[in-house]
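Laboratory data are not the source of any read-out in this text; all were calculated from the coordinates shown. Source: prediction; values computed, not measured. Cβ sites come from the backbone with ideal geometry, for glycine too, and all protein chains shown count toward neighbours.
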Amino acid sequence: MKFNTRLGEIAEVIMGQSPKGDEVNNSGSGCPLLNGPTEFTRRHPEPVQYTENGRRFAEKGDLLFCVRGSTTGRMNYADQRYAIGRGIGAIRGKNGYPTPYLRAIIEQNLDRLLQAVTGSTFPNVGRDTLNNFEVASVDQDAASLINQFLVSLEDKIYLNSQINQTLEQMAQTIFKSWFVDFEPVKAKMAALQAGGSEQDALLAAMQAISGKDEDHLSRLQAEQPEQYAELKATAELFPSAMQDSELGEIPEGWSVRPLADLIEFNPRRILKKGTLAPYLDMKNVPTSGHLAEEIVYRGMSSGTKFINGDTLLARITPCLENGKTAYVDFLYEGQVGWGSTEYIVMRPQKGYPESIGYFVARDANFRQYAIQSMTGTSGRQRANAKALAELPWIIYPKDVVDAFDRIAQLYLRLARKHGDESKSLSQIRDTLLPKLLSGELAISSVTEAEEAEA
């Protein structure tokens, strides 16, 4: 049954109250404090401030709702107890209405709510505004079923994002181990310095690459000989000594040359003006991970052009500092996409696998130099592609990069699979939710369809 009600009839609203400045710390003492959305992530906040003198609190499971300024309406869930400042309100369900269902109600009516708030330049949503805001709702039983549907989708989407975050961290860890810290080389050196044989050095490198001890490797050799042979072949690619260079010690036989010898910057792409093509806006470039979020079709005008296998590096402040970088894997074969003029396009030189461009772009040393290369007026500074191309860089041997690519591609493809699944789930949610909330579609029909597919 559908009916109109005030939000305050189905939700409890707690408005934040900030502690005094000298009652706030960054040392982790007391209760985590939220004053606004700067600590918000995809789902839960990541607090940086704490207080032992909290005035108002959000409890675990509450909806955290930004109530002031240009970010009014942004939401997260509390994963623990938080002290909340005046920029945050906590909303929790009451009278049998679950909190995730309330979030869905608010999201469906958010534009109308924002139009009702005071302050055109800096919106300010007060407690009375929220409590008296009229919304359409279904009864508690239907709301509970809709909530189950929502939570199952959101949990799967969130799990996919967590898995992808882990995959990204694993791939970056391997890149750093091989190409920054040179751990396989140093493992060989340590074994030889301890009086070991060349075979001992090779085994040490295999352990460094795989993260497995000698017993695990013995079992791997017996149970999965092909995988063991591939690991051994990879370890053989690394030298057992270091040499001096202008960048410090690097593996013997490797060289330091301009980064342009490894990566081509802003390669020429052809896309005629007016051609309808995939377009990637800066707001849809991720700050972590490689997956671009929303791709739309627009007629080509002015912007950077790219193809699959390119890496897009945001060059303008604060996007560069925030980590905005994407790996292009969302186009059809032979298709050219385009986007913001504020991208630097990076592509490995011929003969190198495409993934290495992305992992160089995510490397901390590269990003630090890119930030240092920025020029321009305050607030509009940009990284310089020419300066990046001239940056002295270790030119990795192609056979080592090929071995890394075989691993990296597994992570990138699996992350893409999870990303595509989450996008499909989001589309299902966005299509069905308005119909469920309006009563146009009975939740029973959705649950019956899910049971039939199970």
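Listing for the model above:
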{"read-out": "The chain - share of DSSP beta bridges that are antiparallel (%, nearest 5)", "value": "95 percent"}
{"read-out": "Loop-located GluC sites (Glu not before Pro) in segment 355-454 whose Cβ has at most 16 other Cβ within 10 Å (DSSP)", "value": "390, 440"}
{"read-out": "Fully extended contour minus Cα-Cα distance, from residue 416 to residue 222, at 0.36 nm per residue", "value": "66.5 nm"}
{"read-out": "The chain, Cα convex hull volume normalised per residue, Å³", "value": "213 Å³"}
{"read-out": "Ranked list, fewest to most other Cβ atoms within 10 Å of each Cβ, for 416, 362, 268", "value": "268, 416, 362"}
{"read-out": "Mean-position separation - Cα centroids, segment 1-68 and segment 131-162, in angstrom", "value": "20 Å"}
{"read-out": "Rounded to whole Hz, the Karplus (6.51, -1.76, 1.60) HN-Hα couplings of segment 76-81, x for glycine and proline", "value": "9, 9, 6, 9, 6, 6"}
{"read-out": "Overall form of segment 260-397 per C-alpha gyration tensor (a/c, 1.5; a/b vs b/c)", "value": "oblate"}
{"read-out": "0 to 90° range, to nearest 10: angle between helix 183-193 axis and the chain longest Cα axis", "value": "40 degrees"}
{"read-out": "Per-pair calculated FRET efficiency, R0 = 35 Å: residue 158 and residue 128 via Cβ, rounded to 0.05", "value": "0.60"}
{"read-out": "Between segment 378-422 and segment 251-283, the alpha-carbon center distance in angstrom", "value": "11 Å"}
{"read-out": "Karplus (6.51, -1.76, 1.60) ³J(HN,Hα), θ = phi - 60°, over segment 166-172, in Hz, Gly and Pro reported as x", "value": "5, 4, 4, 4, 5, 5, 5"}
{"read-out": "In sequence order, calculated HN-Hα J values of segment 64-71 (Karplus, 6.51, -1.76, 1.60; Hz; x Gly/Pro)", "value": "8, 10, 6, 10, 9, x, 5, 9"}
{"read-out": "Cα centroid separation, segment 185-213 to segment 298-320 (Å)", "value": "42 Å"}
